[in-house]
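The values are calculated or read from the model by the stated rules, or taken from the named source; none is laboratory data. Because the structure is predicted, anything quoted here is derived from the model rather than measured. Because the Cβ atoms are built from the backbone with ideal geometry, glycine has one as well, and the counts that use them run over all protein chains shown.
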Amino acid sequence: MATTVPISCPDCAGVLSVVVRGARYEDYICQVGHAYAPADLLTAKEQQVERALWSALVLLQHVDLIVGHLGGQPRSAPTEAPVALDQRQQQARAHMRALRDIIEQTRTFPVS
Ligand SMILES: [Zn+2]
């Protein structure tokens, strides 16, 4: 018997179901057939977390660059106040440092 769980498939983002295969063994299987033992699912999810954190970090770098570009442009019409842009740039840089710390401090558990 399969029971759906609120965890998406790491490969396709489909719905996962847990399938019990005996007293102490279960698999997670998605709608299209990707299958994971629990340890493999944990590893795959840890990898997704790391990729998401790096993606957020690079997006913040983009914000930093764009805000820096806007701050250096001449203003014919007032759009964003320079102070607000400067504050956003400082905030983005602080968030980048925090994310990098999180990435560097995260230790995943070796599962075998
Ligand atoms: Zn899948």
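Brief remarks follow.
Conditions tested, residue by residue: (1) at pLDDT 95 or above; (2) not in a loop (DSSP other than H, G, I, E, B).
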site	(1), (2)
Pro6	yes, yes
Ser17	yes, yes
Gly22	no, no
Ile29	yes, yes
Val32	yes, no
Lys45	yes, yes
Ala56	yes, yes
His62	yes, yes
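- Selected residue (criterion: nearest to Met1 (Cα to Cα)) from residues of the stretch 11-40 that are within 13 Å of the ligand (Cβ to nearest atom) and acidic (Asp, Glu): Asp27
- Candidate set from the stretch 1-10 (those that are of a type outside the set (Ser, Thr, Tyr) and within 16 Å of the ligand (Cβ to nearest atom)); member that is surrounded by the fewest Cβ atoms within 10 Å (Cβ to Cβ): Pro6
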